[in-house]
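Note sheet for the following structure.
The values are calculated or read from the model by the stated rules, or taken from the named source; none is laboratory data. Only a predicted model underlies this, so the values are computations on that prediction, with no experimental measurement involved. As a convention, Cβ positions derive from the backbone with ideal geometry for all residues, glycine included, and neighbour counts pool all protein chains shown. Heads up: the accessible areas ignore ligands, DNA and RNA and are worked out on the full protein's heavy atoms, side chains in. Shrake-Rupley method; radii C 1.70, N 1.55, O 1.52, S 1.80 Å.
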Amino acid sequence: MTLTPHRSGALLLAAVSALFPLVASSVPAAALADPQPRPHGRHAPADPQTRWFHRHTTEEITRFLRNFYGSHGPSRQDRVQRVSQLLRDKQAHTPENDVLLCRPGTPQSITVGQATAMPSAFVGWATVTTTWPSGVTDTFTAYVRTDSRPITLDDVICAG
């Protein structure tokens, strides 16, 4: 019995081998990224192409929101530099309302609760309570993307 190579099989193998680098290069970098967050800081690698990233913790989100809102609302600078494009667009479409505080005016006081995070959805949030000079108390939820760089307010959902 004489063994003869199967040309069609050899050609198929050669074609698949030639296409594999093209398929591999079309995979988005995010799909190749390490899904587990690792600490950042002085132990971070010097190479910016390294495939890992830091996700903001609930403590970082809470601290950011408390600093952002302060006692009477965000500063003009924070409204420009520390909010997402989504919120800027919302504000542009509703100039009569303050989308960051869910009503116009300056609150008498603001309290930000402890943040919660859902790392798999890349989002963290906290309840914000505002007390107004009229005695009215409002609550809303402030959202932060856990992978934002730098950390920014991503969205606000008003309670009522």
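How many of the residues making up the stretch 140-150 are within 8 Å of the chain's Cα centre (by Cα) and either in a strand (DSSP E or B) or within 14 Å of ALA115 (Cβ to Cβ) (or both)?
4
Show the residue pairs meeting these rules: Cβ distance below 7 Å; 6+ apart or different chains; first residue within the stretch 134-160 and touching a residue at least 60 places away in the same chain (Cβ under 8 Å); second residue open to solvent by less than 80 Å² (accessible area, probe 1.4 Å) and basic (Lys, Arg).
THR146/ARG55; ASP147/ARG55; THR152/ARG82; LEU153/ARG82
Can you give me the ranges of the helices (runs of 4 or more DSSP H) entirely in the stretch 54-120 with at least 3 residues that are open to solvent by less than 30 Å² (accessible area, probe 1.4 Å) and either among the polar types (S, T, N, Q) or over 22 Å from PRO133 (Cα atoms) (or both)?
The qualifying helices (runs of 4 or more DSSP H) are 58-69.
Taking the condition modelled with pLDDT under 80 and open to solvent by less than 90 Å² (accessible area, probe 1.4 Å), does THR50 pass?
When the stated conditions are applied, THR50 passes them.
Can you tell me which residue is most open to solvent (accessible area, probe 1.4 Å) among those in the stretch 121-141 that are among the hydrophobic types (A, V, I, L, M, F, W, C) and in contact with a Ser or Thr (Cβ under 8 Å, 6 or more places away or on another chain)?
Applying the filter and picking the extreme gives TRP125.
Please go through (1) in contact with a strand residue (DSSP E or B) (Cβ under 6 Å, 6 or more places away or on another chain); (2) within 20 Å of SER75 (Cβ to Cβ) for TRP132 and return the number of the only condition it doesn't satisfy.
So TRP132 meets the others, but not (1).
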